[in-house]
Amino acid sequence: MSWLPYAVAAWLFGIGLFGISTSRNYIHLIGCLSVCQSATYVLLLGIGYRWDAIAPIFYDHPPGTPAVDPVMQALVLTDIVVGATLTALLLVLTLQVYKRSGTLDPERLRPMRKNAGGGRVGARQEPGAEAQL
Amino acid sequence: MPDWFSLGWIPSAVLPPLPVALPLAMCATLLATAHLMPGRWPDILASLTALAVAALCGLIAVRAADAPLVYWFGGWTPRAGMPLGIGFSVDAASGWVAAFIGTLFAASFVFAWGFFEETHGHFQILMLLFLAAMVGFVFTRDLFNLFVWFEVMSVAAFALTAYHLDESALAGALNFTVTNSLAGFLMLGGIGLIYARAGTLDFEELARAVAHAGRDPVTAGAFCLVATALMIKAAVVPFQFWLADAHAVAPSPVSVIFSGAMVSLGLFGLAKLTAVVFTGSDQVRGAVSLFMIGAGSATALVGGWMAVLQRHLKRLLAFSTISHAGIMLLGIGALSQGGTGGLLLYLVGHGLVKGALFMVAGILLATRAGIDEIALRGLGHGIGPAGIAMALGGLLLCGLPLGLLDQGTRVLQGALLDGGHPFAVAATVVGAGLTGAAVLRAAGRIFLGLGPDPGNEAQAPSEAEREKANRPLWLMLAPCLVLLALNISAPEAGVARLAAKATPTFMHQGGGFGHGPEWLPWLSLALALVIAAFALGRHKLPRWFSRPVRATQLAPTRLLEQVHSGLIGDYVTWVVVGLTILAGLLATS
């Protein structure tokens, strides 16, 4: 098996992570998450693939014909279902966020930090932190 | 007919899938008929289902006392030693953990009685799905099946977090969803790698293949990915950021489950995989020992410190959960019977206590319409029993030598001392002390009116929150007290016997375990009382004393606050950092 699918999977995952960590828009961020997930598809299919083998359906092939690994294909199918669920759920959440706050920028939407939205690092104090100790 | 009462008429062979199938069947029933049911029927049915799951799991645990119960779905038993199907394998420890989860859900359903108006049973349906996924996660012996339950658990949890659909809840749920989806992808990648090496997904066969492979980059890579995924779920530093955001905004009955069961299940899964599947690889064992001890200590300290800094009660409890997850992770890092046995006891004890504390927070939200510690100062009059429960919970968290949590702590500390990790033991003492201090301080301020008069500070910086108020106090208090009572009344000798027998089966290897010194829990208790007293009475101390103490805290506090930025992009960067560290340790060990 060549190293190419593994390299592609690693690249996809890395570029997806980069996209998530720099994203300023939730729709874009969800797209990046899907890119990360595509990395798992490529990895799994690459692992299950055999050269010169048929799809694992033996309807018109005699048993014993070399076939690609059906387990990996089953995993990818499950993975696609999971991905669809997640994307749908995330998009619904994003829609609700937009309805309530009118923005899709993660930096303006920090949980538990009401006046968020200033500069990037350290612009916000934890609520009431100094009041305690 | 004594045999009827001992449930001897239920054959063991059909038991394992029932606790998963039952809540799923109830989900479907509720989904189809809840809108036709009058009033509180969904509540009643859901509570009864959770109780039935707890009872079934208890029965399974009793039956599995000598050997694990194994069930192959669809009759796909292994042919010629090769497992082709997917199986459940339930040892006594897994059975008891599942029984604990069922109990916690039952308590949470009772607590949530009448919490939501007109839900058409959606809340109960999501919770039952969550319950089924957790039991499946605990019972399975197939790595891919583990992933499926992990994802079902996650999706139910994401939806439950955002249940209120207000701004905070949505932002918290988004952070939670993105980080935990990444965890799912990492896990799937790891599963692919290990399958490429072993050609099977069954735990026992995988263990054989791992032991045979020896020092192998593919196995190590698979472990790295799967372990990172489970540690993201378990909120271990540096993967912990999502937890405080999600637990603080979820409805209280859901937070009970999140903190009590979901986080510790990540650790349960990690303990199982480390002990059963990856134990044959010296490379993995070496890295586990280093990483888990280091990350566990850091988690215990960071979580405890952050808990002390909070004034939003649920956020405070969420950070305390992080701290205790760190302590449990140390049990895995000890790589011994005592470590794992202590982890299992601690998991149950901590779940009971933390569940009860989140219920107290829910009671305050419902009856006092507030969750901010400063704003609630002195408002606890009239709900005294809740205050007693909160104080007791705080004392148990920081090591009051009573009950299951304390027993787990002592076994864990004993294992860490035997393994030569004195620094980790110190971290357990300080971490537990800090979280206990935070809870005790809040209890003192809210229920006794201690601490300085807040003046203008009483304005809570976070948005106003309240939960549905017209529920009777006793109905919310009863499950909370039951959970605390379960923790305290666990018979020590019986539990010790049970743990000593169940742990070797869980870990697939023999051995015994001892206890840490008796004075260690008292030390964290004393630490907690001193810190709580200092926080509440600081304004009465002379300035020459309180000022330098405060100055020493400023720098680390600022740093921690900056790191907990609430930004999903930063969280993902930290995931990458943690993953890199673990990979580096695996490569060099």
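The values are calculated or read from the model by the stated rules, or taken from the named source; none is laboratory data. None of the values given here were measured: they were computed from a predicted structure. All Cβ positions, glycine included, derive from the backbone under ideal geometry; neighbour counts span all protein chains shown. In case anyone asks, the SASA skips ligands and DNA or RNA and just uses the protein heavy atoms, side chains included. Shrake-Rupley method; radii C 1.70, N 1.55, O 1.52, S 1.80 Å.
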Roughly speaking, to the nearest percent, how much of the stretch B:18-141's 1.4 Å accessible area is carbon and sulfur?
-> 70
Kindly compute the accessible surface that chains A and B hide from a 1.4 Å probe when together, both sides summed, and give it to the nearest 100 Å².
-> 5300
How large is ³J(HN,Hα), in whole Hz, for each residue of the stretch B:227-237 in order, when computed from phi with the Karplus curve 6.51 cos²θ - 1.76 cosθ + 1.60 and θ = phi - 60°, using x for Gly and Pro?
-> 5, 4, 4, 5, 6, 5, 4, 7, 6, 8, 4
The stretch B:348-488: relative contact order from alpha carbon pairs under 8 Å, six or more residues apart, as a whole percent, is 46
Which three extents, in whole angstrom, do the alpha-carbon atoms of the protein assembly as shown cover along their principal axes, largest first?
-> 87, 68, 61
For the stretch B:50-55, what does the Karplus curve 6.51 cos²θ - 1.76 cosθ + 1.60, with θ = phi - 60°, yield as ³J(HN,Hα) per residue in whole Hz, taken in order and with x for Gly and Pro?
-> 4, 4, 5, 4, 4, 5
So what is the calculated 222 nm ellipticity per residue for the protein assembly as shown, using -39500 (n - 2.57) for each DSSP H run with n of 4 or more, over all residues, to the nearest 500 deg cm²/dmol?
-> -23000 deg cm²/dmol
Quick one: putting +1 on the C-beta of Lys and Arg, -1 on the C-beta of Asp and Glu, what dipole do you get for the stretch A:4-121 around its Cα centre, in Debye to the nearest 20?
-> 1020
Compute from the Cα atoms of the stretch B:18-141 the Rg and the Dmax, the latter being the longest Cα-Cα distance, and quote both in angstrom.
-> 16.1, 56
Toward the positive end of the charge dipole of the stretch B:18-141, about the Cα centre and with charges on Cβ (Lys, Arg +1; Asp, Glu -1), which of B:Trp72, B:Pro38, B:Gln124 goes farthest?
-> B:Trp72
Cα-Cα pairs in the stretch B:79-161 separated by more than 23 Å, as a whole percent of all pairs, come to 32
Which pairs in the list B:Lys354/B:Lys540; B:Lys354/B:Lys501; B:Lys272/B:Lys468 are over 29 Å apart, alpha-carbon to alpha-carbon?
-> B:Lys354/B:Lys540; B:Lys272/B:Lys468
Using a 1.4 angstrom probe, figure out how much accessible area the stretch B:18-141 has per residue, in square angstrom, rounded to the nearest whole.
-> 37
With the dipole of the stretch B:18-141 defined by +1 on each Lys or Arg Cβ and -1 on each Asp or Glu Cβ, the option from B:Phe115, B:Met26, B:Ser94 whose Cα lies farthest towards the positive pole is B:Ser94
Contact-by-burial set, the stretch A:47-63, min loss 30 Å², accessible area of protein heavy atoms with 1.4 Å probe, reference chain alone, gives A:Ile47
